[in-house]
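Worksheet: the structure to be examined is printed underneath.
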Amino acid sequence: MSVFSLEVGIALLGLVLLLIEAFQPSISRRALGLTAIVGVSLALVLLPFCGTALPGFMQPWHQLDTLAFFYKGFSLVITLLVLWLTLFCAPYLTRFTLDGRLAEMFSLPLIVCAGMMWMASARDLVTVFVTLELVTVSFYVLVAFARKSALSLEAGVKYLILGALSTGVLVFGIAWIYGATGTMRFDGIAKALTLTTTSHSAALFGAALLLAGLGFKVAAAPFHIWVPDVYQGAPTPVTTFLSIGSKAAGFVVLTRVLDIFLAEGSVIATEIQALLLFIGSLTALLGSLPAIFQTNIKRLLAYSSISHAGYLLLALACHSSARFDLSSGGIVAFYLATYLPMTVLGFFSTALLRANGLGENLKDLTGLAKRNPLFALLTTTAFASLAGLPLTAGFLGKLFVFLGLADHGYWGALTCAVIAAAVGFYYYFKPILAIYSGGDADSPSANAALAFPAIHKAVAIVLALIILILGVYPKPLQGMLKQEPAAKMAR
Amino acid sequence: MSVLEIIIALPLLAALAVWLGAPARITSLGAAFINLILVVTAIVRYAGKSGLAFTHSRPVLENPALSFAVGADGISLILALLTVLVMLAALWQIEDRPDIFFIASLLIGGGALGAFLTTDVFFIYAFHELALIPTFLMIALHGRAEPAQRRAVAWKTTLYLGLGSLVLLAGLVWAVLEFSGGSKLTFDLEALRNQARLTPLPLEKQGQIFFILLIGFGTLVSLFPFHSWAAPAYATAPTPVAMLHSGVLKKFGLYGLLRIALPLLPQGAQVPWVQNALLLMLLGNILIMGLVTIHANRLDETLANSSVMHMGYIFLALAAGTDAALKGAVLLMFAHGVSIALLFGLCGRMRNQLGTLEYSKLGGLAEHAPSFTVLFAFGVFASIGMPGLTNFAGELMIFAGSFAGFKGTLSNLHWTVILSLWGVVMSAVYMLRAYRNIFHGSANTGLFMIDPAPTQRVPFILLAATLLVTGCCPWLLLNLMKTAL
């Protein structure tokens, strides 16, 4: 079985579930969700054993290197977790859907997953565009899924309008790059960018537009304004998916295109580098500073997600880090892998609050340490790791970014990143403090135990353990991402 | 497996066990007691050796080279001894408090032990951060003030220490980049020190890196003017946290300067602009904070500010950089840790029994609490620098060692030593006045307190005895530091 057929299989499974749901309303949605989970888990198990054979017609469009494999696994994992979260949220979410059921909530994530997996293998701008749209269009539906909730509808409209705009910008950029280099293929563009005959300004304009379009997807400043509203309004599983899946998808493409733009001899390398450092610093700061004032956990996580995008962009700006085992793309992948468990756990905490009839605000966390010590500990782990506390996964990711910046001597950007991280200590500790404070004088009902079903407990514990283990033993992950020269050549 | 790994793991495991429901007092006291025995055995085994001992390394990452490496020399062992002593005392004196007091104390102690006994810059830093979270949480949740006020104090502390840590991180990263040499980054302190010995940096650069490290570590040690978090934090913190933080965790910054900054940048502190800046700052600690302390009108304020003030002497030793002064600094770190923990522990008891620490409301406590008074007197006299208690040996070595290079003309350093000596006078003024106000005369409020039960005296006797033993025989500790620092 080849990787490509696995991807086709995921997409087909998504379509089949969609059809079943449309024509067999009697089948329980839970069964569909479980089918999807089984399918994705199966794919995840099979992935490491898959061959690299490709059908002939896909040869020019598809590549399989270390990063592609990693991001495929990443997509499967996050899809799996989102499906799990959807099942967990189902009793609450169905109150806000039109038919009182979760129709496409189980099939669309599969299609998004297939899109992300293909994107990881893209080797030309057409594939990038098609797969990116596959992902984005599915998200338009998912974000507005809770139709009876005004916030969700608002989020849907905002995401649709700004998403469409950014797609337009992206296509415009692709067109300019095609005009400047005469090709859509990554290797062709890379070659053309080293030629002196290539129009410098046209290529730069195209590249800048491309970065703007992708910047929207990864929530980079100044294209980040939509993020808090959309993250707050969208159903929690979808927000999780957006904040991790969509961001990872954007970054895999960014890694690929920046590899070309910043390659040695590229005519636009200096400008793009400066642009990245600027955008990255700005994103880290504009994510962190407004987060101080947030009282809603989802909005807080939204701003946190913006500021993490900033660190990731800064990592990409350090293009060649000869002193690490990881390339800049590897560092980004590592960072995203550490970002996944902590963010899922963070959003899971809001879902759990909702499931227990509480709100999503910081004050709803008050006294939770008394009501459920385990939940308190898990959430503390997640937020401590998001803040980048040493011995958690989050610290290592930040450390790599900071080391890279210092190694290249980008002191300005490093200062901004450090300030953003320092501010992070403040706003990530607010939820932790809320969890452990209060709760004594409250009414007896407020001190009742928090419902936390065993199976979900198990998943959450595993996520927290991953955070802690990656924090002290990151070697396996680093080994996985180590760049093999051979794979690099294959492009 | 090295014995040091067990020493680091024990308190952390005990904290976990308590959290899972093990009987808090027995578990934590047991762990602390075993740790004390382990550390003392390690010290006995180390006696007469030099360099790192009990080393063991588990690689975490290859490039950048990062490993969980433990190892101890004389300084680490002295500070480890300080940690286990204070941890035992702090745990022992907890009465009728929720389990979280035990958990937090064990975590702070375990974090401090980790920071003192690992030899990888990454883990040294990481363990210190680990110890900061419980400190912050305990101040915010169980601090002795109104909720809004203790929260504000907790935030202030966190922001100061968090920012200080980040400045420190920047300095450490710079040092790692400079001293890694070749193509591979390493966080191994020994490798970095070897590289520093082989290819020292140019003076100006040493000064720059040293200055950043000084600000970073200095904020953690409440170096003037980055000290304003310390006094409210200690005055607000629950007793065991105040004991552990002021006694042990604060020493981490000094330890870092001694173990990381000085060996890597041997001339860093001697670059004129760095030295002058340091001298000015430490004079701020000694003279300005001394005056502030004299004007304090509550016991917890006096203790908290005096703890900030005494750090000035240790910075003086760092500025001088002579062997005698640095060894004196280590001795004073130990002595100050034990004496301030003793004082904060007793101060916590007083607050519990009396409900106030204001001098105007206290007096004549000696009448009904003679043992308590004697124990308190040990802390007071140690803090003043009375001969026979450890602090005296430390301060004397620092002053003598810093003045050593005198050849007829007074340099800035010598002037600073002369001015710093006034600090000793000031400590005598405020400590003796506090002692007289509280224990002698009579209280117009009629407040009085009784001696703690004999079992509750044990932790304080332990600390007081330590001061006396190492004060009369300072060579016990000094012999552990045979080689020059």
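The values are calculated or read from the model by the stated rules, or taken from the named source; none is laboratory data. On a predicted model such as this, the values are computed, not experimentally measured, just so you know. Note that we place each Cβ from the backbone using ideal geometry, even for glycine, and neighbour counts take in every protein chain shown.
Brief remarks on what is shown
- So residue A:306, is it assigned to a helix (DSSP H, G or I), in contact with a helix residue (DSSP H, G or I) (Cβ under 9 Å, 6 or more places away or on another chain) and closer than 26 Å to residue A:154 by Cα: yes
- Sub-6 Å Cβ pairs linking a first residue in segment A:456-475 that is within 10 Å of residue A:341 (Cβ to Cβ) to a second residue that is among the basic types (Lys, Arg) and not in a helix (DSSP H, G or I), at least 6 apart or interchain, number zero.
- The C-beta contact set for segment A:312-327 (first residue closer than 13 Å to residue A:280 by Cβ and part of a helix (DSSP H, G or I), second residue among the basic types (Lys, Arg) and modelled with pLDDT of 75 or more, distance under 9 angstrom, 6+ apart or interchain) comprises A:312/A:247.
- Residue tally, condition closer than 15 Å to residue B:372 by Cα and either part of a loop (DSSP other than H, G, I, E, B) or under 25 Å from the mean Cα position of the chain (by Cα) (or both), over segment B:435-446: 2
- Residue A:20 meets the conditions (1) of a type in the set (Val, Ile, Thr); (2) within 12 Å of residue A:76 (Cβ to Cβ); (3) touching a residue at least 12 places away in the same chain (Cβ under 8 Å) in every case but one. The failed one is (2).
- Residue within segment A:262-276 that is in contact (Cβ under 8 Å) with a residue 60 or more places away in the chain, more than 18 Å from residue A:190 (Cβ to Cβ) and within 14 Å of another protein chain (Cβ to nearest Cβ) present: no
- When A:338, A:343 are screened for being of a type in the set (Val, Ile, Thr) and either under 25 Å from residue B:147 (Cα atoms) or within 14 Å of another protein chain (Cβ to nearest Cβ) (or both), only A:338 passes.
Matching residues to (1) more than 23 Å from the chain's Cα centre (by Cα); (2) among the aliphatic types (A, V, I, L, M):
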| site | (1), (2) |
| --- | --- |
| B:5 | no, no |
| B:8 | no, yes |
| B:12 | no, yes |
| B:20 | yes, yes |
| B:29 | no, yes |
| B:41 | no, no |
| B:46 | no, no |
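- Condition broken by residue A:415, with the remaining ones in (1) facing chain B (nearest Cβ under 9 Å); (2) modelled with pLDDT under 85 satisfied: (2)
- Test: residue B:106 is within 14 Å of chain A (Cβ to nearest Cβ) and crowded, with 20+ Cβ neighbours inside 10 Å: no
- Residue within segment A:27-35 that is closer than 14 Å to residue A:111 by Cα, in contact with a Phe, Trp or Tyr (Cβ under 9 Å, 6 or more places away or on another chain) and surrounded by 22 or more Cβ atoms within 10 Å (Cβ to Cβ) present: no
- All of A:71, A:92 fail the test of being surrounded by fewer than 22 Cβ atoms within 10 Å (Cβ to Cβ) and part of a helix (DSSP H, G or I), apart from A:92.
- Matching option when the condition is in contact (Cβ under 8 Å) with a residue 40 or more places away in the chain, crowded, with 19+ Cβ neighbours inside 10 Å and within 17 Å of residue A:240 (Cβ to Cβ), among A:110, A:64: A:110
- Restricting attention to segment A:131-153 and to residues that are assigned to a helix (DSSP H, G or I) and more than 21 Å from residue A:249 (Cα to Cα), the residue that is farthest from the chain's Cα centre (by Cα) turns out to be A:150.
- Search result, residues across segment A:358-402 that are more than 11 Å from chain B (Cβ to nearest Cβ) and of a type in the set (Lys, Arg): A:363, A:371
- Condition check for residue A:229: surrounded by fewer than 23 Cβ atoms within 10 Å (Cβ to Cβ) and closer than 24 Å to residue A:334 by Cβ: no
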